[in-house]
Amino acid sequence: MKIAFFDSGIGGLSVLNEALKRFSGVEFLYFADTDNVPYGTKDKEEIKNLSAYAIEFLISQGAQAVVMACNTATSAAVTYLREKFSIPIVGMEPAVKLAFDKFPERPTLLIATELTIKGEKLRLLVERLGNKTLALPLPRLVEFAQKGEFQSATVSEYLRKELSKFNLGEISSVVLGCTHFNYFKDTLRKILPPNAAMIDGIDGTLKHLTDILGRSRFSDTPNSVRYFNSCTEADPSEVKIFESYLKRLEKMSRID
Ligand code: DGL
């Protein structure tokens with residue numbers, strides 16, 4: 001079984017990292033659209049084109065299903081991509097429904113890219129839930145993540161300043177609606193009040209993948225991963241960089 005994970009950059013590794021624990025016998029292809037990151041500040045049409053190009057490439061590499069490990073690309077393009085391609089495409093949406101189910105009484109704060117926040121998909125979801133979802137775009141976190149800067153004073157200062165626009169004591173939770181933001185969980189934990197939960201959409205996305213593919217199609221052999229920087233396969237030194245991000249995520253999930 002060959003499953004592709006697609007993101008604008010390194011954010012989707014946070015989803016791949018969990019997938020590596022849950023599945024076996026899978027040949028994963030990880031596509032980071034390094035030539036075009038960030039997506040969150042682009043327009044919808046451009047993201048539709050970039051995602052379609054990436055998926056076409058991944059299918060040419062044998063992908064039998066694609067996980068869009070990117071909330072922004074899902075918001076902008078998943079409907080279009082599902083019409084265009086016949087293989088299963090699993091999208092990723094900010095877990096505001098999960099936040100609402102857990103904490104129906106108090107507002108939640110969604111942090112995501114500008115494009116996800118403005119998107120029709122999110123508007124419809126929030127309307128359906130009817131709870132108070134506050135939203136904050138954090139575009140610089142994508143830049144910081146791509147530079148491998150997760151815990152510097154500049155990152156903390158940026159987060160403190162942006163989050164101070166809200167009364168954090170009132171919110172139940174922060175929804176991490178951009179996969180790049182998963183790298184900042186420990187930095188965020190230091191800034192948020194202890195009773196504000198952090199919620200990401202990783203589990204929901206992987207459950208969806210399992211539902212679509214069915215357990216029976218996986219074997220007991222080890223997983224493998226091939227990494228791509230846009231349409232170019234990563235060389236050994238670039239593979240090391242991808243793997244170092246996976247290690248960082250591992251360390252972090254223990255912190256949380
Ligand atoms: N990782 C992406 C997401 O989940 C987008 C980051 C970006 O390229 O702006 O939304």
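The values are calculated or read from the model by the stated rules, or taken from the named source; none is laboratory data. Source: prediction; values computed, not measured. Glycine also receives a Cβ, built like all others from the backbone with ideal geometry; neighbour counts cover every protein chain displayed.
It is to be established whether one or more residues within the stretch 94-101 are part of a helix (DSSP H, G or I), of a type in the set (Asp, Glu) and more than 21 Å from Arg140 (Cα to Cα).
Yes.
Only one of Lys161, Lys147, Lys207 is within 30 Å of Gly25 (Cβ to Cβ), among the charged types (D, E, K, R) and either free of Cβ contacts under 8 Å to residues at least 40 places away in the same chain or away from the ligand (no atom under 16 Å from the Cβ) (or both); which?
Just one listed residue meets the conditions, Lys207.
Just the residues that are β-branched (Val, Ile, Thr) and assigned to a helix (DSSP H, G or I), please, taken from the stretch 102-119.
Taking the stretch 102-119 first, the residues β-branched (Val, Ile, Thr) are 108, 111, 113, 116-117.
Selection gives Thr116, Ile117.
What's the number of the condition Ser14 fails, among (1) of a type in the set (Gly, Ala, Ser); (2) part of a helix (DSSP H, G or I); (3) over 23 Å from Lys251 (Cα atoms)?
(3)
Out of the residues in the stretch 77-87 that are closer than 23 Å to Leu13 by Cβ and assigned to a helix (DSSP H, G or I), which is farthest from the ligand (Cβ to nearest atom)?
Only one residue fits best here, namely Leu81.
Please state which one of Ala54, Ala65 is in contact with a Pro (Cβ under 8 Å, 6 or more places away or on another chain), farther than 30 Å from Ala197 by Cβ and modelled with pLDDT of 95 or more.
One residue alone meets the criteria, Ala65.
Please tell me if Thr34 is of a type in the set (Ser, Thr, Tyr) and under 17 Å from the mean Cα position of the chain (by Cα).
Here the answer is yes, as Thr34 does meet what is asked.
Return the total of residues in the stretch 210-246 being assigned to a helix (DSSP H, G or I), modelled with pLDDT of 95 or more and not polar (S, T, N, Q).
Within the stretch 210-246, residues that are assigned to a helix (DSSP H, G or I), modelled with pLDDT of 95 or more and not polar (S, T, N, Q) number 9.
Can we say Arg160 is in a strand (DSSP E or B) and of a type outside the set (Phe, Trp, Tyr)? I'd like the intermediate steps shown before the answer.
Working: in a strand (DSSP E or B): no; of a type outside the set (Phe, Trp, Tyr): yes.
No; evaluated as a whole, the condition is false for this residue.
Got a number for residues in the stretch 125-144 being in contact with a strand residue (DSSP E or B) (Cβ under 7 Å, 6 or more places away or on another chain) and either acidic (Asp, Glu) or within 15 Å of the ligand (Cβ to nearest atom) (or both)?
Summing the residues that are in contact with a strand residue (DSSP E or B) (Cβ under 7 Å, 6 or more places away or on another chain) and either acidic (Asp, Glu) or within 15 Å of the ligand (Cβ to nearest atom) (or both) in the stretch 125-144 gives 4.
Here's a check for you: in the stretch 62-89, which residue that is under 21 Å from Gly40 (Cβ atoms) and of a type in the set (S, T, N, Q) is surrounded by the most Cβ atoms within 10 Å (Cβ to Cβ)?
In this case the residue turns out to be Asn71.
Got at least one residue in the stretch 173-185 being at pLDDT 95 or above, crowded, with 16+ Cβ neighbours inside 10 Å, of a type in the set (Ser, Thr, Tyr) and not in a helix (DSSP H, G or I)?
Checked the stretch 173-185: at least one residue is at pLDDT 95 or above, crowded, with 16+ Cβ neighbours inside 10 Å, of a type in the set (Ser, Thr, Tyr) and not in a helix (DSSP H, G or I).
Which of the residues that make up the stretch 16-54 are of a type in the set (Val, Ile, Thr) and more than 16 Å from the ligand (Cβ to nearest atom)?
Step one: filter the stretch 16-54 for residues of a type in the set (Val, Ile, Thr), giving 26, 34, 37, 41, 47.
The one that is of a type in the set (Val, Ile, Thr) and more than 16 Å from the ligand (Cβ to nearest atom): Val26.
Which of the residues belonging to the stretch 20-32 are surrounded by 24 or more Cβ atoms within 10 Å (Cβ to Cβ) and out of contact with any helix residue (DSSP H, G or I) (no Cβ under 6 Å at 6 or more places or on another chain)?
Hit for the stretch 20-32 is Ala32, nothing else.
For a quick check of your reading of the model, give me the residue pairs whose first member lies in the stretch 9-30 and is in contact (Cβ under 8 Å) with a residue 12 or more places away in the chain and within 13 Å of Arg226 (Cα to Cα), whose second is polar (S, T, N, Q) and buried (at least 22 other Cβ atoms within 10 Å of the Cβ), with beta-carbon atoms closer than 9 Å and at least 6 apart or on different chains.
Pairs that qualify, where the first residue is in contact (Cβ under 8 Å) with a residue 12 or more places away in the chain and within 13 Å of Arg226 (Cα to Cα) and the partner is polar (S, T, N, Q) and buried (at least 22 other Cβ atoms within 10 Å of the Cβ), are Leu13/Thr179; Leu13/Asn182.
Which count do you get for residues in the stretch 19-76 that are farther than 18 Å from Pro88 by Cα, of a type in the set (Val, Ile, Thr) and part of a helix (DSSP H, G or I)?
2
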